[in-house]
Amino acid sequence: MGRRVLGSLLALVGAAAAVWSPFRAWYDGRLGRDVRIGELFSGTGVTSARAELFGSLFLPFAFAALLVLAGLLLRSRVLVGVAGLVVVGFTVLWMVRQGQAEGSLAVAGDGSGLGWGVLAAFGGGVLVLAAAPLLGHRPRPEDPPPPPTNPTFPTLDAPPPPTTDHWPRPGSGP
């Protein structure tokens with residue numbers, strides 16, 4: 001029970017961090033919601049063109065958050081694990097495509113380079129992945145217990161137990 005609660009909390013915190021990350025700076029002050037999702041799969045790579053909210057990195061992260069909620073409601077470790085893979089996968093894919101477009105990725109103290117949005121997305125995905133094994137599994141229906149081998153009470157499908165009393169049975173004596 002305690003593991004399941006801890007896993008649920010980790011999954012929810014991770015999903016919230018992933019959904020929050022597109023609203024933070026990802027690279028050189030550019031917000032994740034401004035990155036077109038199609039640019040991750042195009043030949044041109046990441047460009048400076050702006051995106052609509054549901055055409056940006058927000059979409060896969062919102063989908064992953066819905067997978068987390070469905071996984072928690074259905075007690076499915078697989079759904080929660082897939083949600084974590086979606087978040088980490090899109091974050092790493094963005095990092096690869098951004099690195100190709102820029103030539104390299106950098107972290108700088110002056111606000112240029114990788115921003116807090118990347119950390120929130122990657123950390124949220126790792127939290128969701130870490131939560132999946134903690135959730136436990138769905139309880140399976142148990143087999144019925146085997147019948148007692150030496151019943152102490154009479155049953156209809158077994159012979160009567162031997163008598164151990166020393167009193168005469170009614171109608172058996174003079």
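Values quoted throughout were computed directly from the atomic coordinates according to the rules given, and no laboratory measurement underlies them. Model, not experiment: these values are computed from the prediction.
For the range 69-75, backbone phi angles converted through the Karplus equation (6.51, -1.76, 1.60; θ = phi - 60°) give residue-by-residue couplings of 4, 5, x, 6, 5, 8, 6 Hz, Gly and Pro being listed as x.
Inverting the pair-averaged 1/r between distinct Cα atoms of the range 8-122 gives 14.2 Å as its Kirkwood hydrodynamic radius. Distant-in-sequence amide contacts of S56, defined by a placed amide H-H separation under 5 Å and a gap of 5 or more residues or a different chain, comprise I37.
Amide H to amide H, with H built 1.01 Å from N, Y27 comes under 5 Å of G115, counting only residues 5 or more places away or on other chains. Database remark: amide H of L105 closer than 5 angstrom to no amide H (H placed geometrically; neighbours at sequence offset of 5 or more, or on other chains; Pro and chain starts carry no H). Karplus-derived 3J(HN,Hα) values for the range 9-19, using 6.51 cos²θ - 1.76 cosθ + 1.60 with θ = phi - 60°, are 5, 4, 5, 5, 5, x, 5, 5, 5, 5, 5 Hz; glycine and proline are entered as x. Rounded to the nearest Hz, the phi-derived 3J(HN,Hα) couplings of the range 92-100 under the Karplus curve 6.51 cos²θ - 1.76 cosθ + 1.60 (θ = phi - 60°) are 5, 4, 4, 4, 5, 5, 5, x, 5, where x marks glycine and proline.
Using the alpha carbons alone, the radius of gyration of the range 11-63 stands to its Kirkwood radius in an Rg to Rh ratio of 0.99.
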